[in-house]
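Working notes, beginning with the structure itself.
The values are calculated or read from the model by the stated rules, or taken from the named source; none is laboratory data. Here the structure is a predicted model, which is why all the values come from computation and not from measurement. Positions of Cβ are backbone-derived with ideal geometry, glycine not excepted, and every protein chain shown enters the neighbour counts.
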Amino acid sequence: MPSAPSTQWQRLLKNQGTWVGSFTQVSPAGALRQDTPSAVALLPLNGGNTIRQTIRKFPPGQPVSETVLEYSSLGRGVLFCETGAFSQGSIQRSPVSEFGAELGLIYGSERLRVAQIFPKQPTLGSLTLIREHLEGSEPTSRPDLSADQLVGTWVGEAETVYPDLQPPQTMTTRLEIQRAGSGIVQSLYFGDGLPLRSQGQQVGATLRFDQGSQPVTVLLLPSGASASFPSEIQAGQGLFLEAGWLITPTLRQRLIRTYNAQGTWVGLTLVTEQKQ
């Protein structure tokens, strides 16, 4: 018999430990602005029923900052996948309030997190790339992500979890990425559905997909990371925020937080794909 799926709290506990790394500020165009060393400790207390989270940042030439949080339940804006990957953020988009989310991927003793913030405006205001490894382990050195690394056919599986905690859904995926002059063409298949095709142009460290009702920008980032987001949020259109991680040249994970046309958060999808 297959094992029962783990609870959201059990998935949170897959993130326990002290994660050492840094918070890197990135401009909406992909320029690296500032890198702050960090240590984030997640310590189970009370028989694992409470988590104490201690966030320490070490800005060069400035005092250490420390934030301590304790919680024994999860907020409505956070969901975890089976691997321990997670996202926390806005459950509803409103043009008069800040909107955004953090997306966190986990692989072995390493984590990659991307935080995207839209400050009361339809375009991205700030992005933070957080690269971490468990204390005592060695981080893997990965090159900056390039479009050429993504060219090829990626076959995988997508698992979607839902904020209303309906049963998760799993389906196969296939992503075909080809060069087209200075840009790329991608075809995305979910299950047996028709492909979603889009064409992007590369501008510096960004890929811009400008066709369709909701144009999308993809930032190519250090350490195999990527971030995808609406180039400009269009009212009345669904949208997604995504973090990608090229873990090895042939293994990639993507975490996608999806909102419907009313701006309501409707699902979190983890795609794990292998290059053929």
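Exactly one residue among Ser213, Ser228, Ser187, Ser182 is out of contact with any Cys (no Cβ under 8 Å at 6 or more places or on another chain), polar (S, T, N, Q) and closer than 28 Å to Glu110 by Cα, and that residue is Ser228. Within region 259-271, residues that are under 13 Å from Ile91 (Cα atoms) reach partners that are of a type in the set (D, E, K, R) and assigned to a strand (DSSP E or B) with beta carbons closer than 8 Å, at six or more positions or on different chains, in the pairs Trp265/Arg257; Gly267/Arg257; Leu268/Arg257. The residue pairs whose first member lies in region 134-161 and is within 17 Å of Ala180 (Cβ to Cβ) and free of Cβ contacts under 8 Å to residues at least 60 places away in the same chain, whose second member is among the basic types (Lys, Arg) and in a strand (DSSP E or B), and whose beta carbons are closer than 6 Å, counting only pairs six or more residues apart or on different chains, are Val151/Arg179.
Can you name every residue in region 43-95 that is within 24 Å of Thr272 (Cα to Cα) and either in a strand (DSSP E or B) or basic (Lys, Arg) (or both)? The answer is Val78, Leu79, Phe80, Phe86, Ser87, Gln88, Gly89.
Which of the residues spanning region 241-276 are of a type in the set (D, E, K, R) and touching a Pro at 6+ places or on another chain (Cβ under 8 Å)?
Lys275, the sole residue that qualifies.
Among residues that are of a type in the set (A, V, I, L, M), at pLDDT 95 or above and farther than 20 Å from Val218 by Cβ, Leu134 is included. Gly48 - would you say it is of a type outside the set (D, E, K, R), crowded, with 16+ Cβ neighbours inside 10 Å and farther than 24 Å from Ile117 by Cβ? It is false that Gly48 is of a type outside the set (D, E, K, R), crowded, with 16+ Cβ neighbours inside 10 Å and farther than 24 Å from Ile117 by Cβ.
Restricting attention to region 87-110, the residues that are under 30 Å from Gln16 (Cβ atoms) and in contact with a Phe, Trp or Tyr (Cβ under 6 Å, 6 or more places away or on another chain) total 6.
Each row is one residue, and each column tells you yes or no for (1) surrounded by 19 or more Cβ atoms within 10 Å (Cβ to Cβ); (2) closer than 18 Å to Leu150 by Cβ; (3) in contact with a Lys or Arg (Cβ under 7 Å, 6 or more places away or on another chain).
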| site | (1), (2), (3) |
| --- | --- |
| Tyr162 | no, no, no |
| Thr170 | no, no, no |
| Ala180 | no, yes, no |
| Leu207 | yes, yes, no |
| Thr217 | yes, yes, yes |
| Glu242 | yes, yes, yes |
| Asn260 | no, no, no |
| Thr272 | yes, yes, no |
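Among the residues of region 96-155, write down those that are part of a strand (DSSP E or B) and at positive phi.
Hits for region 96-155 are Gly100, Gly152.
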